[in-house]
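Written below as structure tokens is the structure these notes are about.
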Amino acid sequence: MIIVMKPESAMDDALALRARLGWMGLEVGPVVQHDGRLSLAVVGRHDGVQWDAMSTLPGVERVVPFTRPFKLAGRELNTERAVVQVGSVEIGGGRLAVVAGPCSVESEEQIHTSARLVAAAGASLLRGGAFKPRTSPYDFQGLGEEGLRMLRDAGRAHGLPVVSEIMDLDQLDLLYEYCDMLQVGARNMQNFTLLKGLGRTDKPVLLKRGLSATYQELLMSAEYVLAGGNHRIVLCERGIRTFETFSRNTLDLAAVPILKELSHLPVIVDPSHGTGLRRMVTPMARAAVAAGADGIMVEVHPEPDRALSDGQQTLTPVQFTELMATLRIIAPAVGVEVPPARPAG
């Protein structure tokens, strides 16, 4: 339920009501302001509450039921679009966030070269896996903490906040130390223990859609993090599994406008995993921006054909630079700014 305060109600009135509801054993979200009103949401179970009587409490104008199960991720309570701050980068603020870098951190030289090249082309954040969830147990699994150290150092050297995947709650302290943003991969989208743990941190979370997840399932996973108190979440469409086998996955670009209609959270697109084919990454990245995505996530490697993971879907530095140039033409048509290219550091 959303409790909307009267226009003349002050913040102290709303906070007093929030405390009163808490004494009643109800779980209440923070006081927010939208449409000229203060409001607060009862987000937990509220069996037996007399809502008609609740509307007669001092300062209350009306009580509005939620129509969707994702109460905090939805737009009924939060009508303004969220902006997530990752280091010096804003995701969702009208400037395209470009997350780029190799699938895996392989060596000091490889990640520093990648960081230098993507930064020069205009990337906003540096990506790189240190713990890799691979389909085969015999494939490269990542360098662990040493890879995280290399990623952090490369990001700092070239002015890029860094994001890497967390696979297990036991890794939280380690990744918290090294990363500016924590990525929840598609296979862990419904790892509810992990999501609850991330809800107790203040670190931004990049939540990828599961391989066969519906929009509601993705938003309910975000709800776990939000309910824990962490509101710094970015959703990521990365392709879903369908009957089509030509590409690695089917990139669902309808997810961008639909998720932005259902939720106030920023939405980015990963065309690398979404297609699994290098030649398809650029056109789908362009389409994602045209569809209104708040950012893209692209795999870039100095020598993709020698990459230890996902080389077939990874752009060369030249291809990434060309992609960024075309995005600077497309983005203004949908009211989005693209980070400028800058001299290599």
Identify, from the list 137, 133, the residue that is farther than 29 Å from residue 340 by Cβ, in contact with a helix residue (DSSP H, G or I) (Cβ under 6 Å, 6 or more places away or on another chain) and not in a helix (DSSP H, G or I). 133
Given the conditions (1) in contact with a Lys or Arg (Cβ under 8 Å, 6 or more places away or on another chain); (2) more than 14 Å from residue 308 (Cβ to Cβ); (3) assigned by TED's automatic domain parsing to the domain that holds residue 309; (4) not aromatic (Phe, Trp, Tyr), every one holds for residue 146 apart from (1)
Look through 127, 116 and report the one residue that is among the charged types (D, E, K, R) and within 24 Å of residue 292 (Cβ to Cβ). 127
Within region 233-244, identify whether any single residue is of a type in the set (Lys, Arg) and surrounded by fewer than 20 Cβ atoms within 10 Å (Cβ to Cβ), and answer yes or no. yes
Can you name the number of the only condition in (1) surrounded by 13 or more Cβ atoms within 10 Å (Cβ to Cβ); (2) more than 25 Å from residue 236 (Cβ to Cβ) that residue 36 fails? (1)
Can you pull out every residue in region 39-53 that is at pLDDT below 75 and either surrounded by 10 or more Cβ atoms within 10 Å (Cβ to Cβ) or under 30 Å from the mean Cα position of the chain (by Cα) (or both)? 43, 44, 45, 46, 49, 51
For region 43-94, name all the residues that are closer than 25 Å to residue 218 by Cα and acidic (Asp, Glu). 76, 80, 90
Restricting region 58-75 to residues that are at pLDDT below 80 and part of a loop (DSSP other than H, G, I, E, B), the one surrounded by the most Cβ atoms within 10 Å (Cβ to Cβ) turns out to be 66
Do the conditions hold for residue 314, that is, is it of a type in the set (Ser, Thr, Tyr), in contact with a strand residue (DSSP E or B) (Cβ under 9 Å, 6 or more places away or on another chain), within 22 Å of residue 124 (Cα to Cα) and crowded, with 20+ Cβ neighbours inside 10 Å? yes
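So if I check each of 115, 100, 120, which one is outside any helix (DSSP H, G or I), of a type in the set (Gly, Ala, Ser) and either touching a residue at least 24 places away in the same chain (Cβ under 8 Å) or within 30 Å of residue 145 (Cβ to Cβ) (or both)?
On inspection, the qualifying residue turns out to be 100.
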Here the residues within region 243-279 that are among the hydroxyl-bearing types (Ser, Thr, Tyr) and modelled with pLDDT of 95 or more are 250, 263, 272, 275
Conditions first: (1) in contact (Cβ under 8 Å) with a residue 12 or more places away in the chain; (2) assigned to a loop (DSSP other than H, G, I, E, B); (3) acidic (Asp, Glu). Residue 13 passes all but one, so which condition is the exception? (2)
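The values are calculated or read from the model by the stated rules, or taken from the named source; none is laboratory data. Here the structure is a predicted model, which is why all the values come from computation and not from measurement. Cβ sites come from the backbone with ideal geometry, for glycine too, and all protein chains shown count toward neighbours.
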